[in-house]
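K.L.:
Once you've had a glance at the structure underneath, I'll fire off some questions.
None of the figures in this text is laboratory data; all of them are computed from the coordinates on show. This structure is a prediction, so every number in the text was calculated from the model and none was measured. Counting neighbours? That spans all protein chains shown, and the Cβs are built from the backbone with ideal geometry, glycine included.
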Amino acid sequence: MKKLIVSAVACVAALSLGVGAYAADEKTVERTKVVSATATVQAIDQATRIVTLKGPQGNLLTFTVDESVKNLPQVNVGDEVSVNYYESLVLRVLAPEETAVNAASAAVATAKPGEMPAGVGAREVSVTVTIEGIDMAAGTVTFKGPAGNSNTVRAADPKNLEKIKVGDRVAITYTEAVAISVEKAKK
């Protein structure tokens, strides 16, 4: 499973090689996205744990809340659910003497029993890939991942392929976090 996650992150990251702004050192690409949304509880069935939310554009979303959400009984129609999502991708060409980075970590925190439902989850995966080939005409790059697998992907901005060369090792760090909270309806 860990190899699958590392390979998937390396693929996603490589697809983004041409996206983002280069830092002052011209060897780092950083891309960050933050999305926030608020929805209102339109219906809730505590017995079946089915909740319907109304989004900011009036769209309805109905789903079953997992048993791990221990504070669902505190939620009522009219309460507001806030979701904040953060995603970051950093690609950096390593100096020859730098050590490869291959690690994964995750953390989760939830509200105490009896409080309004809330939770935060985050994960970060770092891998180092080696550039095996660059096709400027096609706008693609081929890299070898830490498990020895080779992938060829198209760069979003082929001009940025000029910043790398065959043999470069690229450290890729993908971070994502989500925070969800429920607040009582305003009277």
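K.L.:
Express the C-alpha Rg of the range 78-183 as a ratio against the empirical globular expectation 2.2 N^0.38 Å, rounded to two decimals.
P.N.:
1.48
K.L.:
With runs of 4+ DSSP H residues as the only contributors, calculate the mean residue ellipticity of the chain at 222 nm using -39,500 (n - 2.57) per run, divided by the residue total and rounded to the nearest 500.
P.N.:
After summing the helix terms and dividing by residue count, I get -2500 deg cm²/dmol.
K.L.:
Which of the peptides 34-44, 54-64 is most tightly packed, and how do the rest follow, judged by the mean count of other Cβ atoms within 10 Å per residue?
P.N.:
In descending order of packing, they fall as 34-44, 54-64.
K.L.:
Listed here are the pairs 33/144; 70/187; 54/159; 27/112; which of them are more than 32 Å apart at the Cα?
P.N.:
Pairs exceeding 32 Å: 54/159; 27/112.
K.L.:
Right, next: Give the label of the value calculated from the structure for Cα extents along the principal axes in Å, choosing from [x] 60, 31, 28; [y] 50, 40, 37; [z] 105, 51, 27.
P.N.:
Given [x] 60, 31, 28; [y] 50, 40, 37; [z] 105, 51, 27, the structure-derived one carries the label [x].
K.L.:
5 Å is the cut-off here: which amide hydrogens, built 1.01 Å from N in the peptide plane, fall below it relative to residue 140, excluding neighbours closer than 5 in sequence?
P.N.:
It is 135, 155, by chain and number.
K.L.:
Still on this structure, please answer the following. Would you mind checking the tilt of helix 2-15 against the longest principal axis of the Cα atoms of the chain, expressed as 0 to 90 degrees and rounded to 10?
P.N.:
The angle comes out at about 70 degrees.
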